[in-house]
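The values are calculated or read from the model by the stated rules, or taken from the named source; none is laboratory data. These numbers were taken from a predicted model, which means no experiment stands behind them. Note that we place each Cβ from the backbone using ideal geometry, even for glycine, and neighbour counts take in every protein chain shown. What goes into the accessible areas is simple: the full protein's heavy atoms, side chains included, and nothing from ligands, DNA or RNA. Shrake-Rupley method; radii C 1.70, N 1.55, O 1.52, S 1.80 Å.
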Amino acid sequence: MKGTRGDGGTANLFGDGLNGWRARYPDLVNCPVRGVLDRISGKWQTLLIVALSDGPRRFGELKRGLPDISQRMLTQSLRELQRDGLVARRVYPTTPPSVEYRLTDLGRSLIAPLAGLIRWAEERAEAIAAARQDFDAAA
């Protein structure tokens with residue numbers, strides 16, 4: 001049964017469990033997964049991936065969908081996702097030029113794991129808020 005070994009079900013997720021993963025990457029500073037997780041766990045990257053999961057979007061559409069992101073940060077976040085091969089940019093030869101962003105196959109492969117994380121967060125949001133409140137009250 002998942003989680004009965006006290007590992008939170010990680011043996012099912014990682015095949016040989018977190019211990020096997022840690023054995024392969026004992027130096028977490030140089031772990032190749034770290035760079036990927038650092039990128040997709042950014043404040044805006046995850047939201048952009050979710051926004052693009054429904055299909056291509058123009059820059060302005062993305063900006064309107066995330067009104068609290070600055071134009072500079074939106075541009076930077078999209079470029080980082082492009083660099084990682086998760087997002088593709090297409091420029092249409094119009095006046096003024098029209099730019100469209102879409103998820104690549106690699107980016108689309110992130111949707112299912114990301115949906116699982118979003119589900120996990122939704123299911124535990126109240127418990128996390130309560131834990132924060134308890135922590136802050138004790139501080």
Of the peptides 81-94, 43-56, 110-123, how do they stack up when ordered by the mean number of other Cβ atoms within 10 Å, highest first? 43-56, 81-94, 110-123
At a 1.4 Å probe radius, carbon and sulfur cover how many percent of the accessible area of the chain? 55 percent
What accessible area per residue, rounded to a whole number of Å², is obtained for the stretch 82-122 using a probe radius of 1.4 Å? 70 Å²
Here the net charge surrounding residue 99, from other residues whose Cβ is less than 9 Å away from its Cβ (Lys, Arg +1; Asp, Glu -1), is +2
Roughly speaking, what is the centre-to-centre gap between the stretch 77-139 and the stretch 26-44 when only Cα atoms are used, to the nearest Å? 15 Å
